[in-house]
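Undergrad: One structure follows; several queries about it will come next.
Values quoted throughout were computed directly from the atomic coordinates according to the rules given, and no laboratory measurement underlies them. Just so it is clear, the model here is predicted, and its values are computed rather than measured. In this analysis, Cβ positions are derived from the backbone assuming ideal geometry, glycine residues included, and neighbour counts consider all displayed protein chains.
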Amino acid sequence: MFEQTFKNIDDILHKDAGCGSELDYVEQTSWVLFLKYLDDLEKDKATAAELTGKTYTNIIASEFQWIVWATPKDKDGKLDHHKAITGDDLKDFVDFKLFPYLKKFKVDAESADTIEYKIGEIFSELKNRIQSGYNLREVINRIDELRFRTHAEKHEMSHLYEDKIKNMGNAGRNGGEYYTPRPLIKTIVKVVAPEIGNKIYDAAVGSAGFLVEAYEYLCHPELVEGMHSKKLTTTDVKTLQKKTFYDKEKKSLAYIIGIMNMILHGVEAPNIIHTNTLAENLADIQEKDRYDIVLANPPFGGKERAEVQQNFPIKTGETASLFLQHFIKIMKAGGKAGVVIKNTFLSNTDNASVSLRKLLLENRNLHTVLDLPSGTFTGAGVKTVVLFFEKGSSTKKVWFYQLNLNRNLGKGNPLNEKDLADFVELQKTKAESENSWSIDVKNIDPKTFDLSAQNPNKKEEAALRQPQKILEEMKALDEESATVLTLIEGLI
């Protein structure tokens, strides 16, 4: 039901002059989808209140409720075409009445960790790009067919929304930066192993993939191999909703998608702040600002202006290097991190890279480096590594794992969790294998802090035979064939 509806909506938006790519389709589907989701959420809350003898007060005023402006129904429960506005009337209502009303929630909300505040934030950042009120009517009618009442429905919806985010990678305008392969995220979360009560942080949240998977990991431990099922208490649920996930995002579209993705997965009022993390001065970070867990894939390849670089002790224009400094600084004592970064970080010889490696090794315990193959990130022409580090001691040994697959990764052949299962198992004991080894920090060059260690355990490829040897073997085979033919002739 969900999948076909999404395809139909994309077909409608493809015809609209205001929507030019998959990015626009996701953005415009998101706000309509959110209002339908909110309507179902309000119905669920009203039902729950009634069962306990309480009265529920709707968040949305009556004239702006879905059932009133979007899909008024007749006595048979079908769309009342006499009351359902369309065309220019619908577009004018959405642009000049609905959006201004919803924007005001940001100002009127009691606090930032409420769904009211998130409603205000979402509609302050978005605008309706659907230029035809008739196309908008069709989109609304399609989305009204969807239900978000049961766990199974919400689960299917959240996974299909993830698929739409993934497809953005093929849409240009840097859409791919919003999507980190889910098997890799799940693996990073398993290794870092957050616990309920931890404050989990991503300063470049994108579509919130890391936080969504951390939420699933904490909510459904029975689905994670080797973990025991644990029933969440009421306090656990409240902690996960309000005091666990913290994130920041600079770009408007990614910010909206991140909020939507977390809400669809079950986090009602995500603590996502629309801000440029790198505009914050590291010297201003206090103990109250720190986090237990850092999970991130910061954007790499970007360049930051000189005034932004002044916020960091190690000056560099490389975005990912600035984010890494931020992550190192913002960890609590005993904190743990899993961060994706370009593999050139391990060996770059510029002063900033050398200083950053020195900082990481001397101030954190960089215990694990996962070296990923080309093609891990679809469409990205860079190789990456994952750095796993903790706050509490300097680095003594670094355990490396080189992911060597017997196939090429690509769009039709992506990374999967089985590919990473050996890494997860060996990482528990930092065991040596054909693909893993350890290096002692005492043996690293103190001038460069170069971490680009070669795998000493990798089996050598069989040496190619010399041409003379091949010719001799061919001659021997010819002689053997001639002997066999002579024997056969003697039998005829």
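Undergrad: With 10 angstrom as the radius, rank His274, His367, His155 by how many other C-beta atoms surround their C-beta, starting from the fewest.
TA: Fewest-to-most Cβ neighbours within 10 Å comes out as His155, His274, His367.
Undergrad: Sticking with this structure for a sec: Taking the Cα centre of the stretch 2-149 as origin, work out the dipole magnitude from +1 charges on Lys and Arg Cβ and -1 charges on Asp and Glu Cβ, in debye rounded to 20. Could you put the intermediate results ahead of the total?
TA: Values: 22 positive and 29 negative charges, 55 e Å.
Dipole about the Cα centre, nearest 20: 260 debye.
Undergrad: Of Tyr215, Phe345, Asn261, which is farthest on the positive side of the dipole of the stretch 175-443, counting Cα position, with +1 on Lys and Arg Cβ, -1 on Asp and Glu Cβ, and the Cα centre as origin?
TA: The residue sitting farthest along the positive end of the dipole is Phe345.
Undergrad: Also, quick follow-up: Compute the helix-to-body angle for 252-265: its Cα long axis versus the longest principal axis of the chain, expressed 0 to 90° and rounded to tens.
TA: It works out to around 90 degrees.
Undergrad: Here is a further query. Say the dipole of the stretch 2-149 comes from +1 at the beta carbon of Lys and Arg and -1 at that of Asp and Glu; which of Tyr134, Phe34, Phe148 then lies farthest toward its positive end?
TA: About the Cα centre, the residue reaching furthest to the positive side is Phe148.
Undergrad: Please list, by residue number, every one of the GluC sites (Glu not before Pro) in the stretch 427-461 that is coil in DSSP and has at most 12 other beta-carbon atoms within 10 Å.
TA: The qualifying sites are Glu434, Glu460, Glu461.
Undergrad: Over the chain, what is the mean sequence separation of C-alpha contacts under 8 Å (at least six apart), divided by residue count, expressed as relative contact order in percent?
TA: 11 percent
Undergrad: What's the angle, to the nearest 10 degrees (0 to 90), between helix 2-14's Cα axis and the longest principal axis of the chain?
TA: Tilt of helix 2-14: around 80 degrees.
Undergrad: Explain nothing, just the number: dipole magnitude of the stretch 72-173 about its Cα centre with +1 on each Lys and Arg Cβ and -1 on each Asp and Glu Cβ, in debye rounded to the nearest 20.
TA: Rounded to the nearest 20 debye, it is 180 debye.
Undergrad: Another question, then. Which trypsin sites (Lys or Arg not before Pro) in the stretch 344-389 pass both tests, a DSSP loop state and at most 15 other beta-carbon atoms within 10 Å? Before the final figure, lay out the partial values.
TA: Working: sites: Arg357, Lys358, Arg364, Lys383; in loops: Arg364, Lys383.
Here the trypsin sites (Lys or Arg not before Pro) that fit, given the DSSP loop and packing criteria, are Lys383.
Undergrad: What's the center-to-center distance, using Cα atoms, between the stretch 59-94 and the stretch 105-152 in Å?
TA: 14 Å
Undergrad: Exceeding 22 Å between C-alpha atoms, which entries from my cross-link table qualify? They are Lys251/Lys303; Lys45/Lys250; Lys396/Lys430.
TA: On the way: Lys251/Lys303 15 Å; Lys45/Lys250 33 Å; Lys396/Lys430 13 Å.
The answer is Lys45/Lys250.
Undergrad: Hey, which of these cross-link pairs are over 27 Å Cα-Cα: Lys391/Lys459; Lys383/Lys428; Lys43/Lys248; Lys75/Lys118?
TA: Lys391/Lys459; Lys43/Lys248; Lys75/Lys118
Undergrad: Okay, moving on. What per residue convex hull volume, in Å³, comes out for the chain when only alpha-carbon positions are used?
TA: About 252 Å³ per residue, rounded to a whole number.
Undergrad: With each run of n ≥ 4 DSSP H residues scored as -39500 (n - 2.57), what mean residue ellipticity at 222 nm is computed for the chain after dividing by its residue count and rounding to the nearest 500 deg cm²/dmol?
TA: On the way: 18 runs with 213 residues, N = 492.
It comes out at -13500 deg cm²/dmol, rounded to the nearest 500.
Undergrad: Taking the C-alpha atoms of the stretch 175-443, how large are the radius of gyration and the largest Cα-Cα span, Dmax, in Å?
TA: In order Rg, Dmax, the Cα atoms of the stretch 175-443 give 17.8, 52 Å.
Undergrad: Sticking with this structure for a sec: Averaged across orientations, what area in nm² does the convex hull of the alpha carbons in the stretch 343-398 project?
TA: Numbers: hull surface 16.8 nm².
Orientation-averaged projected area of the Cα hull: 4.2 nm².
Undergrad: Additional query: So, with +1 on the Cβ of K and R and -1 on the Cβ of D and E, and no other charges, what is the size of the charge dipole of the chain about its Cα centre, to the nearest 20 debye?
TA: On the way: 66 positive and 73 negative charges, 276 e Å.
Computed charge dipole of the chain: roughly 1320 debye.
Undergrad: While we're here: I'd like the orientation of helix 417-427 relative to the chain: the angle between its Cα long axis and the longest Cα principal axis, in ° from 0 to 90, rounded to 10.
TA: Once rounded, one gets 70 degrees.
Undergrad: Sorted by mean Cβ packing within 10 Å, highest first, what order do the peptides 288-296, 55-63 take?
TA: 288-296, 55-63
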